[in-house]
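The values are calculated or read from the model by the stated rules, or taken from the named source; none is laboratory data. It should be emphasised that the depicted structure is a prediction, and the values quoted were computed from it without experimental measurement. All Cβ positions, glycine included, derive from the backbone under ideal geometry; neighbour counts span all protein chains shown. Protein only, heavy atoms only, side chains kept; ligands, DNA and RNA dropped before computing areas. Shrake-Rupley method; radii C 1.70, N 1.55, O 1.52, S 1.80 Å.
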Amino acid sequence: MKRFFSVADVDNLEEIVKDALALKANPNANESLGKYKTLGLVFLNPSLRTRLSTQKAAMNLGMNVMVMNMDKDGWALETQDGVVMNGTTVEHIREAAAVMGEYCDILGLRSFPSLKDKEADYNEDLFNKFIKFCGVPVVSLESATRHPLQSLTDLITITEYKSIAKPKVVLAWAPHVKALPQAVPNSFAEWMSKAQAQGLVDFTVAHPAGYELAEEFTEGATITNNLDEALANSDFVYVKNWSSYKEYGQVYPVSENWMMDNAKLGLTNDAKVMHCLPVRRDLELSSEILDGPNSLVIKEASNRVWAAQVVLKRMLEDLNK
Ligand code: CP
């Protein structure tokens with residue numbers, strides 16, 4: 001594996017989940033695989049889970065890890081070509097990425113969307129430039145449109161906790177105070193759509209009108225504006241806010257109650273409730289659910305290590321060929 005950016009970088013979902021769960025059962029089985037190899041984790045935006053779980057995964061594989069908080073500690077980055085850099089940007093991505101590629105065998109990058117320039121965000125302008133100029137394998141730590149380590153984690157978690165062969169999985173929009181990216185729901189939807197195509201889940205997306213995701217991510221999914229209907233017979237509910245794709249980055253007032261609480265949980269098949277975290281308590285998801293037996297959020301976050309480890313293991317195996 002030379003790149004982990006989307007579900008398209010994985011052919012067989014069942015196989016990668018099986019491999020991740022094998023690592024969970026035996027975390028240090030490959031402790032020498034990454035000896036003398038360096039992972040660089042580059043953050044243009046904040047992170048708790050992605051930062052720590054990916055570091056832990058790399059350490060389990062014997063790698064050295066360097067973390068660069070570009071947003072706080074790096075030079076202000078220029079990403080456009082043909083710009084006379086006489087303003088606030090200090091270093092061009094051409095040099096910055098190339099230099100980091102000299103120090104590292106594998107790089108991870110987190111870069112959120114602007115939520116202003118839809119075309120640049122959905123073209124993954126910055127991410128593609130980073131891949132092009134760094135010259136080493138790159139793992140996405142969340143890009144403008146996707147969060148594949150989170151989505152792989154979510155599939156691992158659903159596989160672990162499902163009690164029937166093909167559970168009903170619902171991606172449920174939830175309220176928030178800020179305009180959030182579509183990366184997590186896009187990514188979850190594209191992984192679940194592929195999982196549905198491979199017979200692993202039955203997938204529904206529920207959101208208020210105006211919050212449609214880009215069609216490329218929801219192929220084959222049942223899509224509805226009625227949350228209560230969507231929750232009927234559901235086995236897993238994945239709660240997440242996102243801003244509008246159509247009116248890019250906009251937030252519409254929503255009068256109905258879209259917060260997942262015990263009343264809504266009562267409509268499900270005693271569903272397990274998931275969220276990528278961080279979560280706004282009693283805004284997106286009720287405390288009673290988060291603190292109750294149906295919540296998987298901590299176990300889900302814990303599984304981030306095995307998602308990162310299986311991806312890094314595949315990249316290292318490729319490098320060592
Ligand atoms: N879920 C997730 O990616 O968490 P962080 O933003 O804290 O890394």
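Remarks
- Of the listed residues SER6, SER32, the order by accessible area with a 1.4 Å probe, largest first, is SER32, SER6.
- Fluctuation leader among ALA206, ALA165, ALA96 - the chain, Gaussian network, Cα springs under 10 angstrom: ALA165
- Short-range pairs are left out: with C-alpha atoms under 8 Å and at least six residues apart, the relative contact order of the chain is 20 percent.
- Candidates LEU48, LEU109, LEU39: whichever shows maximal mean-square fluctuation once the chain is modelled as a Gaussian network with Cα springs under 10 Å: LEU48
- A 1.4 Å probe over all protein chains sorts LYS56, LYS240 by accessible area into LYS56, LYS240, starting with the largest.
- Using heavy atoms of the protein chains and a probe of 1.4 Å, the accessible area assigned to TYR161 is about 70 Å².
- In the chain, helical runs assigned H by DSSP with n ≥ 4 each contribute -39500 (n - 2.57); averaged across all residues and rounded to the nearest 500, the mean residue ellipticity at 222 nm is -10500 deg cm²/dmol.
- Length added when fully stretched, ARG3-ALA209, from 0.36 nm per residue minus Cα-Cα: 70.7 nm
- Each residue, GLU247 and LYS35, gets one label point 7 Å from its Cα in the Cβ direction; the gap between the two is 6.0 nm.
- With Cα atoms, 0 to 90° folded angle of helix 93-103 axis to the chain main axis: 80 degrees
- GNM result for the chain, Cα springs below 10 Å: residue of MET66, MET274, MET192 fluctuating most strongly: MET66
- The modelled label-to-label distance between ASP81 and GLU256, using points 7 Å beyond Cα along the C-beta direction, is 4.8 nm.
- Rounded to the nearest 10 square angstrom, SER255 shows an accessible area of 110 square angstrom against a 1.4 Å probe.
- Over 18 Å between alpha carbons, listed pairs LYS168/LYS246; LYS162/LYS264; LYS194/LYS299; LYS2/LYS129; LYS166/LYS299: LYS168/LYS246; LYS162/LYS264; LYS194/LYS299; LYS166/LYS299
- Given a 1.4 Å probe and the protein chains as shown, ASP19 ends up with an accessible area of around 60 Å².
- Computed from Cα atoms, the angle from the helix 125-134 axis to the main principal axis of the chain rounds to 40 degrees.
- ILE223 sits among other residues whose Cβ lies under 12 Å from its own Cβ, and their net charge, with Lys and Arg +1 and Asp and Glu -1, is -4.
- Point-to-point label distance, ASP11-TYR161, nm (Cα→Cβ direction, 7 Å offset): 3.2 nm
- Reachable aspartates and glutamates from LYS116, criterion Cα separation under 12 angstrom, eight or more residues apart if same chain: GLU247
- For the stretch 149-301, averaging the sequence separation of C-alpha pairs within contact (under 8 Å, six or more residues apart) and dividing by the residue count gives a relative contact order of 27 percent.
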